[in-house]
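Worksheet: one structure, shown below.
The numbers here are math on the coordinates, done by the rules we state, and not lab data. Since the structure is predicted, the reported quantities are computational estimates derived from the model, not experimental observations. With ideal geometry, Cβ positions are generated from the backbone for all residues, glycine too; neighbour counts draw on all protein chains shown.
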Amino acid sequence: MSLLARFAHSVMPYTARLFSASQLQQPSSCCNLFSGVFCLALRGKHTIKTNRSIAKRFRVRGDGSLKRMKSGVSHNTGHRSRSRNNRLGQSTTISNNKMAAKMKQCMGIF
């Protein structure tokens, strides 16, 4: 039995039932399905979970900086000028590099 088949039968029995024994003997047939799981197994059990609240509020730009939306536009905007409301509707970056590094770590980006 191949290493892939042993891993599928021991760690993930519910997904191993999706494949027949002959398919598990040939790793090329289900290699794409288990490739991510092998990576997780090799990383170890002490990995940092993604902080979902940070992941929903921030996005990583192409240059690696974090993008966030400005606050103060959800309600009570009638007394502000239109230009101020438009400015608040635009996104901005996190200027503090240490804070950005900690947030990237919480997002699972190293």
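Observations on the model:
- Simple spin-label estimate for LYS49 and GLN90 in nanometres, 7 Å along Cα-Cβ: 3.8 nm
- Among residues other than SER91 with Cβ under 9 Å from its Cβ, the summed charge is +4 (Lys and Arg +1, Asp and Glu -1).
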